[in-house]
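Just so it is clear, none of the values below were taken in a lab; they were calculated from the coordinates. Please read all numbers here as calculations on a predicted model, not as lab measurements. Positions of Cβ are generated from backbone atoms using ideal geometry, with glycine treated the same way; all protein chains shown enter the neighbour counts.
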Amino acid sequence: MNRKIFGVLRRLGFLVLVVWTVVSLVTLLIELVPGDPATAVLGDQATPEQLAQFRSKHGLDRPPFFFGLPVAEDGHRRFHWYGLDNRYTDYWRAILHGDLGTSFRTEQPVFDLIKSRYPYTIALALASMAIAICIAIPLGVIAGKNRGTTTDNGLSVLALIGISLPSFVIGPMLVYVFAVKLRWLGGYGSENWTFIILPAFTLGAALSAILTRMVRSSVIEELGEPYVRTARAKGLSERTVVYKHVLKNGLIPVVTILGLQLGVLLAGAIITEKIFGWPGLGLLLVEDGIAKRDYSVVQGCVLAISTTYILANTLTDLLYRWLDPRIRVS
Amino acid sequence: MNRLGIIGIVVVVLFVLVALLAPFIATHDVGATDLLLRYAPPSAEHWFGTDSTGRDIFSRVVFGARISLEVGIVVVVVSAFFGTIVGAIAGYYGGWVDRFLSGYIFNVFLAFPGLLLAIALVAFLGAGLNKLIFALCIIGWVGYARLIRAQVLKVREYDFVNAARALGAGDLRILAVHILPNAIQPLIVQASLGMAGAVLSEASLSFLGLGVPPPAPSWGVMIEEARDLSTLQAAPHALIFPGLAIALTVLAFNFIGDGLREYLDPRQRRR
């Protein structure tokens, strides 16, 4: 019991360490902007007063970190210790109060922007995961049961094609067929619920291919276990053996992959949301953040996406321990 | 190697030839616009048709192979090189070095899902081919490092390593001469899959406007330019041909990776 709690605590402590590093890296990303961020945002025509005002409003006039190598009077770079009075501590202080700064362009709080877009991205990720599972389980079982046959080989090739076709090729083609030609589904935007179908399918295509391969190898492995022979000897139908006994055990590794793949979905959502104009975090990142050089929005989005990913991974890990007692013991 | 792997090799050889011989294969100037011939369907003159400004899509796809190949090779070589060094250090020395590298550093880099870190880096650095390659290397090396670490952990326990140590070989010699050559096999598989990943990532970032800026004929840029509704309706081929080029290239490298994996792992070959 104690060892179990210790394991979970260790996992959580590690989580805090990784989140701290990720937030720190994202905070310092703005140092990478070539030249001066204020000029990059306001343009060359901005007056020195405007630039100074912009810098002081967003804290860009303050030192970026605890120490730095500023150019001294003699023209050389010298190590200088700034102490606690720096942008890094400002950023942390604000984050702990739920404040991600204000947009460089619209002055809106970044936290509010993210809050309004976040549900769209989560809905898209979950919908595509659901679609992927619905496609992958039957296909994976069929391939696994008929291992080595033409059906199996055909499904393997199909899965590889699904992995290789990028979303920005599948997406516009789906728009062309279902929204432009057939006019069955919404193509661009989020007016009603039908608008989620095409982006969710686009985003889930690669995942369903990966899952199909996993379910297949899982089924093949489990079919060789003694309990399958027992179940068959009891006279259970093949359907019951596969769907009740084999799948139950075979899906455990698939659950782990799902947790890890949520991150891939969140990152893939950036591209999918751009294709379909789906108003989630990805669209916020690409159209409001990157395209307009609104660096505080970019930072906020990157933080939101990566912390969601880290949390999902940790939850999966804990869930996996709970699902598979073999891991709990060791 | 299985049949799909052979197909993959053939396609990749073709892809490399097209990239190297692009100036001789292309039928038109990649930048030459012809506003009288916008959205032309495929014909004897323009094999893949023309795009929204009347540029020849075939020639652009051919030159696009150059960008993909360049990004793919540089990213894979640089990431594999640094990944191997870091992974070998973590696996060979173990202890706190390994805990710091594989327990902490690897996980920080893996904490950014997929392309997000590359997108963030290019967003702050500014778009461009070199910055894109840099960003893809930053996210790419960890995969190789993890792989090599696991391999080295296994190989360093073999008797011939102990024998070498007993003979007085130094750490560097043991790593370079005895361990790495025996640990490198899966790296070939990873590199092949890595080429697929790099080609796909380059197209993705260029599609997002973060890669090679237009009018360069990157496949991702071509798709971005072809996906608005008016172009889709007038000239779906402007999307289909660069899309096919990406899909075929990525598929071919994946076929090779999968084929090699099976070939190198006799347990899988029987399946």
| field | Spin-label pair B:TYR158/A:ARG77, simplified geometry with 7 Å Cα→Cβ offset, distance in nm | value | 4.4 nm
| query | Taking every residue in B:98-104, how many Cβ atoms of other protein chains lie within 10 Å of its Cβ, on average? | reply | 1
| message | As a test of the formula, what do you get for chain A when each DSSP H run with n ≥ 4 contributes -39,500 (n - 2.57) and the sum is divided by the residue count, at 222 nm and rounded to the nearest 500 deg cm²/dmol? | response | -21500 deg cm²/dmol
| Considering only B:LEU17, B:VAL86, B:PHE100, whose Cα is most displaced toward the positive end of the charge dipole of segment B:1-132, charges sitting on Cβ of Lys, Arg (+1) and Asp, Glu (-1)? | B:PHE100
| said: I'd like to know which of A:ILE135, A:LEU60, A:VAL71 lies farthest towards the positive end of the charge dipole of segment A:53-195, counting +1 on Cβ of Lys and Arg and -1 on Cβ of Asp and Glu. | reply: A:ILE135
| task | Place +1 on the Cβ of every Lys and Arg and -1 on the Cβ of every Asp and Glu in chain A, take the dipole about the Cα centre, and give the residue among A:ALA46, A:GLY263, A:ILE252 whose Cα lies farthest towards its positive end. | result | A:ILE252
| query | By average Cβ neighbour count within 10 Å, what is the ranking of A:137-145, A:236-244, B:6-14 from highest down? | reply | A:137-145, B:6-14, A:236-244
| B:VAL77-B:VAL13 pseudo-label distance in nm [points 7 Å out on the Cα-to-Cβ vector] | 2.2 nm
| chain B, relative contact order [Cα under 8 Å, separation at least 6], % | 27 percent
| field | Point-charge dipole on Cβ atoms (K/R +1, D/E -1) for the protein assembly as shown, about Cα centre, debye to 20 | value | 2680 debye
| note | So for R0 = 25 Å, FRET eff. of B:ASN2-B:ILE105 from the Cβ-Cβ r, to 0.05, ends up at 0.10
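Across peptide A:260-268, what mean number of C-beta atoms from other chains lies inside 10 Å of a residue's C-beta?
Other-chain Cβ atoms within 10 Å of each residue's Cβ, averaged: 4.
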| message | Restricting to Cα pairs below 8 Å that are 6+ residues apart, what does the relative contact order work out to for segment B:19-131? Please round to a whole percent. | response | 17 percent
| field | segment A:205-316 - charge dipole about Cα centre, Lys and Arg +1 at Cβ, Asp and Glu -1, debye rounded to 20 | value | 520 debye
| task | Give me D for the protein assembly as shown in µm² s⁻¹, whole number, from Stokes-Einstein with Rh from the Kirkwood sum over alpha-carbon pairs, 25 °C and 0.890 mPa s. | result | 93 µm²/s
| In what order do B:SER192, A:SER116 fall by count of nearby beta-carbon atoms within 10 Å, going from fewest to most? | A:SER116, B:SER192
| said: Between segment A:207-239 and segment A:30-59, what is the separation of their alpha carbon centroids in Å? | reply: 61 Å
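Taking the convex hull of the Cα atoms, report for chain B its projected area averaged over all directions, in nm².
On the way: hull surface 69.3 nm².
Result: a mean projected hull area of 17.3 nm².
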| query | Which of the lysines could be linked to A:LYS181 by a straight reach, that is with a Cα gap under 29 Å, when you skip same-chain ones fewer than 8 residues away? | reply | A:LYS274
| message | Distance cut-off 31 Å, Cα to Cα: go down the list A:LYS115/A:LYS292; A:LYS234/B:LYS154; A:LYS145/A:LYS234 and report the pairs above it. | response | A:LYS234/B:LYS154
| message | Filter chain B for me: DSSP H helices, axial length by Cα at least 15 angstrom, mean Kyte-Doolittle hydropathy not below -0.5. List them by residue number. | response | B:3-20, B:57-93, B:129-155, B:185-207, B:237-264
| Relative to the Cα centre, what is the charge dipole magnitude of segment B:117-166, using +1 at the beta carbon of each Lys and Arg, -1 at the beta carbon of each Asp and Glu, and rounding to the nearest 20 debye? | 40 debye
| Shielding by other protein chains, A:149-156, mean Cβ within 10 Å | 1
| Efficiency of FRET between B:ALA44 and A:THR149 - r from beta-carbon atoms, R0 30 angstrom, step 0.05 | 0.10
| remark: From fewest to most C-beta neighbours within 10 Å, the residues A:PHE168, B:PHE160, A:PHE195 line up as B:PHE160, A:PHE195, A:PHE168
| Relative contact order (%) - chain A, alpha-carbon pairs under 8 angstrom, separation at least six | 21 percent
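How would you order B:135-141, A:57-63, A:203-209, A:287-293 from highest to lowest mean count of nearby Cβ atoms within 10 Å?
The peptides rank, most packed first, as A:203-209, B:135-141, A:287-293, A:57-63.
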| Which order do A:GLU49, A:GLU221, B:GLU262 fall in if you start with the one that has the fewest other Cβ atoms within 10 Å? | A:GLU49, A:GLU221, B:GLU262
